[in-house]
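Input: a single structure, listed below in structure tokens.
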Amino acid sequence: DISSITLDKYYHGKVNLIKMDIQGAEYLALKGMIKLLRKQKEITIITEYWPMGLHNAGASPRKYINLLKKLGFSLFLLDESTGKLAKLNEIKLYNDCTVENKNYANLICIKSVNNHYIQSINNGKNN
């Protein structure tokens, strides 16, 4: 057993970047930082989307994606072979990464007041 604390209880300052790869506990971690994320006007989360791990941790993979969107994030898929971002196609993600096939994806989730930046990524200008 280890003790833990949520980010909402631990930290109240400004955050620019969060990196999460915690073997399926990402949804639980996200739930523990909702207040912190709502306060941030601009923040990026780099996270793994691994349905099998999310499922094993008692979370729904779709609920994880929906919570990120509800918190105001634009979601992008990081292509590991090219290093480029592409706007997330949820249907493709749900088909490609399932509990059964054990596939995963790396996501970049951006909450920004600078819509020009997000639009440039959506238009494929993210070199």
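The values are calculated or read from the model by the stated rules, or taken from the named source; none is laboratory data. Just so it is clear, the structure is predicted and the values come from calculations on it, not from any experiment. Every residue, glycine among them, receives a Cβ derived from its backbone with ideal geometry; neighbour counts consider all protein chains shown. When the accessible area is computed, the model is the full protein with side chains, heavy atoms only, and any ligands, DNA or RNA have been set aside. Shrake-Rupley method; radii C 1.70, N 1.55, O 1.52, S 1.80 Å.
Considering only the stretch 99-115, how many residues are among the β-branched types (V, I, T) and open to solvent by less than 30 Å² (accessible area, probe 1.4 Å)? Spell out how you get there, then give the answer.
Quick first cut of the stretch 99-115, residues among the β-branched types (V, I, T) only: 99, 108, 110, 113.
Imposing the further condition that a residue be open to solvent by less than 30 Å² (accessible area, probe 1.4 Å) reduces the set to 108, 110.
Here the count works out to 2.
Let's see how each residue does on (1) under 20 Å from Y94 (Cα atoms); (2) open to solvent by 10 Å² or more (accessible area, probe 1.4 Å):
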{"residue": "G13", "(1), (2)": "no, yes"}
{"residue": "I18", "(1), (2)": "no, yes"}
{"residue": "I22", "(1), (2)": "yes, yes"}
{"residue": "L30", "(1), (2)": "yes, no"}
{"residue": "E42", "(1), (2)": "no, yes"}
{"residue": "I46", "(1), (2)": "yes, yes"}
{"residue": "Y49", "(1), (2)": "yes, no"}
{"residue": "N56", "(1), (2)": "yes, yes"}
{"residue": "L67", "(1), (2)": "yes, yes"}
Output for Cβ contacts, cut-off 7 Å, separation at least six or different chains, first residue in contact (Cβ under 8 Å) with a residue 24 or more places away in the chain in the stretch 79-100, second surrounded by 11 or more Cβ atoms within 10 Å (Cβ to Cβ) and assigned to a loop (DSSP other than H, G, I, E, B), reads K84/N126; L85/N126; A86/D79; C97/N103; C97/Y104
Can you name every residue in the stretch 38-69 that is within 17 Å of E100 (Cβ to Cβ) and among the basic types (K, R)?
-> R62
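Residue-wise test of (1) within 17 Å of L85 (Cβ to Cβ); (2) within 12 Å of the chain's Cα centre (by Cα); (3) of a type in the set (G, A, S).
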{"site": "S4", "(1), (2), (3)": "no, no, yes"}
{"site": "K9", "(1), (2), (3)": "no, no, no"}
{"site": "H12", "(1), (2), (3)": "no, no, no"}
{"site": "E26", "(1), (2), (3)": "no, yes, no"}
{"site": "G32", "(1), (2), (3)": "no, no, yes"}
{"site": "Q40", "(1), (2), (3)": "no, no, no"}
{"site": "I46", "(1), (2), (3)": "yes, yes, no"}
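Residues are listed down the side, and each one gets a yes or a no for (1) closer than 28 Å to G32 by Cα; (2) modelled with pLDDT of 90 or more; (3) touching a Phe, Trp or Tyr at 6+ places or on another chain (Cβ under 6 Å); (4) hydroxyl-bearing (S, T, Y):
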site	(1), (2), (3), (4)
T82	no, no, no, yes
I110	yes, yes, no, no
N122	no, no, no, no
N127	no, no, no, no
Based on what the data block shows, is G24 at positive phi and touching a residue at least 24 places away in the same chain (Cβ under 8 Å)?
-> yes
If you check every pair at least six apart or on different chains, which have Cβ atoms under 9 Å apart with a residue in the stretch 32-59 that is under 16 Å from K19 (Cβ atoms) first and a residue that is assigned to a helix (DSSP H, G or I) and of a type in the set (K, R) second?
-> G32/K9
